[in-house]
Amino acid sequence: MRRQLFHGLLFGWIVVLSLILVSSIIIAFLLRVTSLEESLLSWIALVIGILSLFVGGLISGLKGKTKGWIIGGLTGVGFTVFTFLVQYLGYQQGFSLEQTLHHLGYIFAALAGGVIGVNILGDTRES
């Protein structure tokens, strides 16, 4: 049971980081070839983050098959801790109020994805 939850959590983190990496490359390309404005970029980044964490939570729930709110929440919290550590250790800055609110939204998106992921296949209890 714990192994299954850990695998689900690991898959969720891999999906989140992969989606964010791919979308960052796409955004960088769009910034290079279009006249995309920076004010619009912050909204695009927020939406991509929420969608990526929702999908990561969904994958975690599908792989974990139980305790969707816990595994989804841990997916979001793990991403937030990773982001905080990169920012704090790399740039010597903590989260601003705006970033804290964004990351709370990310955690709730991953939590909702985990709940939906566990319940999407119906009742699959092990006997």
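Are any of the residues in the stretch 61-75 β-branched (V, I, T), at pLDDT below 90 and either closer than 29 Å to M1 by Cα or part of a helix (DSSP H, G or I) (or both)?
Taking the stretch 61-75 as the starting set, the residues that turn out to be β-branched (V, I, T) are 66, 70-71, 75.
The next check asks that each one be at pLDDT below 90; those that pass are 66.
From what is left, the residues that are either closer than 29 Å to M1 by Cα or part of a helix (DSSP H, G or I) (or both) are 66.
Yes, the stretch 61-75 contains a residue that is β-branched (V, I, T), at pLDDT below 90 and either closer than 29 Å to M1 by Cα or part of a helix (DSSP H, G or I) (or both).
For the stretch 76-106, enumerate the residues that are in contact (Cβ under 8 Å) with a residue 40 or more places away in the chain and over 19 Å from F6 (Cβ atoms).
Within the stretch 76-106, H102, G105, Y106 meet the criteria.
Take the stretch 1-59 and flag every residue that is of a type in the set (V, I, T) and either outside any helix (DSSP H, G or I) or touching a Cys at 6+ places or on another chain (Cβ under 7 Å) (or both). Show your work before the answer.
Taking the stretch 1-59 and keeping what is of a type in the set (V, I, T), we get 14-16, 20, 22, 25-27, 33-34, 44, 47-48, 50, 55, 59.
The answer is T34, and nothing else.
Does G61 fit the bill of being surrounded by 15 or more Cβ atoms within 10 Å (Cβ to Cβ), more than 15 Å from I20 (Cβ to Cβ) and either over 10 Å from the mean Cα position of the chain (by Cα) or not hydroxyl-bearing (S, T, Y) (or both)? Explain how you work it out, then say what you get.
Working: surrounded by 15 or more Cβ atoms within 10 Å (Cβ to Cβ): yes; more than 15 Å from I20 (Cβ to Cβ): yes; either over 10 Å from the mean Cα position of the chain (by Cα) or not hydroxyl-bearing (S, T, Y) (or both): yes.
Yes.
What are the residue pairs meeting all of these: first residue in the stretch 32-56, first residue of a type in the set (F, W, Y), second residue not in a loop (DSSP other than H, G, I, E, B), Cβ atoms under 6 Å, and 6 or more apart or on different chains?
Qualifying pairs under 6 Å: F54/A109; F54/G113.
Can you name the residue in the stretch 1-31 that is touching a residue at least 40 places away in the same chain (Cβ under 8 Å) and of a type in the set (G, A, S) and, of all such residues, is nearest to L46 (Cα to Cα)?
Filtering first and then ranking leaves G12.
Which one of F95, F108, F82 is more than 16 Å from the chain's Cα centre (by Cα), closer than 23 Å to I44 by Cα and among the hydrophobic types (A, V, I, L, M, F, W, C)? Step through it out loud before you land on a result.
Numbers: F108 fails: more than 16 Å from the chain's Cα centre (by Cα); F82 fails: more than 16 Å from the chain's Cα centre (by Cα).
One residue alone meets the criteria, F95.
Here are some residues: G61, G117. Which one is touching a residue at least 60 places away in the same chain (Cβ under 8 Å) and among the small types (G, A, S)?
On the way: G61 fails: touching a residue at least 60 places away in the same chain (Cβ under 8 Å).
Matching residue, one of G61, G117: G117.
Of all residues in the stretch 83-125, which are assigned to a helix (DSSP H, G or I) and of a type in the set (D, E, K, R)?
Of the stretch 83-125, the ones assigned to a helix (DSSP H, G or I) are 83-91, 97-119.
Listed by number, the list holds a single entry, E98.
The values are calculated or read from the model by the stated rules, or taken from the named source; none is laboratory data. Treat the numbers as computed from the prediction; the structure is a model and nothing was measured. No Cβ is skipped: glycine too gets one built from the backbone with ideal geometry, and neighbour counts run over all protein chains shown.
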